[in-house]
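Below is one structure; the comments refer to it alone.
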């Protein structure tokens with residue numbers, strides 16, 4: 001991903017937190033004649049050996065899984081909040097632009113055996129059920145329900161590189177920066193307000 005130096009985020013602790021908070025991502029793989037992508041939950045976790053990986057799974061009805069091979073290089077994309085920035089917000093002529101956060105993760109694919117797929121599903125369900133009034137747990141599901149595991153392909157990606165773009169007007173002077181924060185905060189769009197809040201924290 002092209003990232004000008006002043007928009008690079010090399011704080012891996014912060015980037016890891018971003019991935020966990022924005023974990024509905026895109027898995028990108030290639031087949032012999034096309035690029036394939038699927039929008040799925042992608043969970044940054046430690047595997048059973050304590051290695052940092054990203055787990056995911058797709059339905060067998062999704063033909064993308066047929067492109068999976070162990071040790072295949074894949075890309076995972078995680079998007080954060082984004083907002084249009086009008087050039088009318090400056091006290092001088094300039095071009096409009098877009099503020100955003102995006103992370104690309106590269107690594108090697110490994111198809112999961114049943115025991116590690118079950119481990120990954122337990123982690124996934126526990127994460128999203130933790131705040132529920134009556135949380136569901138995988139071990140409590142019936143054998144009949146668990147047969148649905150046969151309909152999915154699980155994988156993990158061993159991370160080789162993380163690229164993080166935090167384009168948040170870092171190249172603007174203090175006056176312009178504060179004006180952009182204020183205009184985004186005044187927007188009718190909640191996602192623009194979210195960008196404003198992040199910029200306030202980064203200020």
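Could you check, for the range 73-90, whether at least one of its residues is in contact (Cβ under 8 Å) with a residue 60 or more places away in the chain, closer than 18 Å to residue 121 by Cβ and surrounded by 11 or more Cβ atoms within 10 Å (Cβ to Cβ)? Checking the range 73-90: not a single residue is in contact (Cβ under 8 Å) with a residue 60 or more places away in the chain, closer than 18 Å to residue 121 by Cβ and surrounded by 11 or more Cβ atoms within 10 Å (Cβ to Cβ). Kindly evaluate residue 62 against the criterion of being at pLDDT 95 or above, in contact with a strand residue (DSSP E or B) (Cβ under 7 Å, 6 or more places away or on another chain) and crowded, with 16+ Cβ neighbours inside 10 Å. No: the conditions fail for residue 62.
State which residue is farthest from residue 154 (Cα to Cα) when the search covers only the range 88-112 and only residues that are touching a strand residue (DSSP E or B) at 6+ places or on another chain (Cβ under 9 Å) and in a loop (DSSP other than H, G, I, E, B).
Once the filter is applied, the top-ranked residue is 96.
For the range 17-61, a residue qualifies if it is assigned to a helix (DSSP H, G or I) and either without any contact (Cβ under 8 Å) to a residue 60 or more places away in the chain or in contact with a helix residue (DSSP H, G or I) (Cβ under 6 Å, 6 or more places away or on another chain) (or both), and the qualifying residues are 17, 20, 21.
The residue of the range 166-195 that is surrounded by the most Cβ atoms within 10 Å (Cβ to Cβ), among those that are within 19 Å of residue 103 (Cα to Cα) and touching a strand residue (DSSP E or B) at 6+ places or on another chain (Cβ under 9 Å), is 195. Taking the conditions exactly as written (in a helix (DSSP H, G or I), touching a strand residue (DSSP E or B) at 6+ places or on another chain (Cβ under 8 Å), within 30 Å of residue 29 (Cα to Cα) and touching a residue at least 60 places away in the same chain (Cβ under 8 Å)), does residue 153 satisfy them or not? Criteria not met by residue 153. Within the range 46-59, can one find any residue that is at positive phi and more than 18 Å from the chain's Cα centre (by Cα)? Within the range 46-59, one or more residues are at positive phi and more than 18 Å from the chain's Cα centre (by Cα).
The values are calculated or read from the model by the stated rules, or taken from the named source; none is laboratory data. Given the structure is predicted, the values throughout are model-derived calculations rather than measurements. Cβ coordinates were reconstructed from backbone atoms using ideal geometry, including for glycine residues, and neighbour counts include every protein chain displayed.
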